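Working notes, structure below.
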Amino acid sequence: MKIAFLFPGQGSQFVGMGKDLYEEYDEAKKVYDMAQNISESKIKELSFEGPEDILNETKNTQMAILTLSMAIVEILKKYNIKAEGFAGLSLGEYSALISSGALSLEDGIKIVKTRGELMQNLVPEGNWKMAAILGLDEEQVTDICKAVKSGFVVPANFNTIGQIVISGEEKAIIEAGELAKEAGAKKVMILNTAGPFHTEKLVKSAEGLKEELKKYTFSRENVENVYKNLDGRAYKLDDDFSDILSKHIINPVRFTDTLKNMYDDGFDCFIEIGPGKTLSGFVKRMKFEKEVKIMNICDVQSLENVVKALKEEE
């Protein structure tokens, strides 16, 4: 069995996430305490108690999701459960880099703190939305975005077969949603996000992040086990991290390609680590030729279930 860890991004957060893990495991306490101290934020209080509207602010959401994901990874080390490959959706790529050993947890927290602040504070004025379109392929959604007359909208996340997220101005998102339904989309869902993420509109955020990333050192030793959002391929030893991770903010997420490449590279057990079950659903929708195991960990019960299932496989 070849295990891959998958890490979710923004939109998967919910009030109460991580609370039982924090109370049950010292490993989780250490990660939460470190994140709170380094980020100088009330990340425990916001994650465990809310309020929801403050947790949903980009700078808080990103830190909360990263912290929960890394707390779970630290607990898994206690059970000697490790992965051979790592990938994350958008923000989740930082969890993947940390989990692989390519980036230290301390540096990862610092970078995500800055990333969240840049993406929240440098959003251009306007009413921005993101929406998931289910049931159409990549070409159909791309053509629909080009046909929209009421404003800016582009594909932002190619999540899985038959699920693509669009990003842009609210009026344009609504028009694109209507066109998608006319084209046969099964569903159009407005997402719980707060900006035109993965579009050219965040170029100032990308420029600021690139300068910040230059301050940090990435380990090349394990980076070839991490798959990038930018093109769905694994990192190479000579890759420019600051360039790739800054471009990541203004380019579409290629998660469908990521999952295809991981499957082709022999991964047959995908464990989603963090709030929700979104990425587990993406893997299921890929309908791989050979059967793969799909698990998720977001609380004490699901963690215990995964530990038990993996021990039975040994």
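Read-outs: derived from the displayed coordinates by stated rules, not from any lab. Fair warning: this is a prediction, and the values are worked out from it, not measured in the lab. Here the Cβ is made from the backbone with ideal geometry for all residues, glycine too, and neighbour counts use every protein chain on show.
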Review point. Whose amide H sits under 5 Å from the amide H of residue 234, counting only residues 5 or more places off or on another chain, with H placed in the peptide plane?
Key: 228
Study note, to complete from the structure: Eigenvalues of the alpha-carbon gyration tensor of the chain, times 5 and square-rooted, give semi-axes in Å, largest first, of 29, 23, 19
**Study point:** Beta bridges per DSSP with both ends in the chain, % antiparallel, nearest 5
**Key:** 50 percent
Revision key, fill the gap. In whole Å, largest first, the alpha carbons of the stretch 128-190 cover along the principal axes 26, 20, 18
Point to revise | Zone of residue 220's modelled label, taken as backbone nitrogen in the stretch 238-266 under 19 Å from a point 7 Å along Cα→Cβ | key: 238-245
Practice item. Just add up the charged neighbours of residue 152: K/R +1, D/E -1, any other residue whose Cβ is under 10 Å from the Cβ of residue 152. Key: 0
Point to revise | Relative packing of 56-67, 221-232, 298-309, which averages over residues the other C-beta atoms within 10 Å, highest first | key: 56-67, 221-232, 298-309
Check your understanding: Where Lys and Arg each count +1 and Asp and Glu each count -1, what net charge lies around residue 60 among other residues with Cβ under 14 Å from its Cβ?
Key -> -2
Review point. Dipole of the chain, Cα-centred, from +1 at each Lys and Arg C-beta and -1 at each Asp and Glu C-beta, to the nearest 20 debye?
Key: 260 debye
Point to revise | 5 Å binning of all Cα-Cα separations within the stretch 24-121, expressed as whole percents from 0 upward | key: 2, 14, 25, 26, 19, 9, 4, 0, 0
Check your understanding: In the neighborhood of residue 79, defined by Cβ-to-Cβ distances under 15 Å, what is the net charge if each Lys or Arg adds +1 and each Asp or Glu adds -1?
Key -> -3
Revision key, fill the gap. Projected onto the charge dipole of the chain (unit charges on the beta-carbon of Lys, Arg, Asp and Glu, signs +1, +1, -1, -1), the Cα from 108, 234, 15 with the largest positive-side position is that of 234
Practice item. Take the Cα coordinates of the stretch 138-256, assign each an equal point scatterer, and use the Debye formula without solvent to give log10 I(q)/I(0) at q = 0.10, 0.19, 0.23 Å⁻¹. Key: -0.36, -1.01, -1.28
Practice item. Quick one: compute the contact order of the chain, relative version, from alpha carbon pairs under 8 angstrom and 6+ residues apart, as a percent. Key: 23 percent
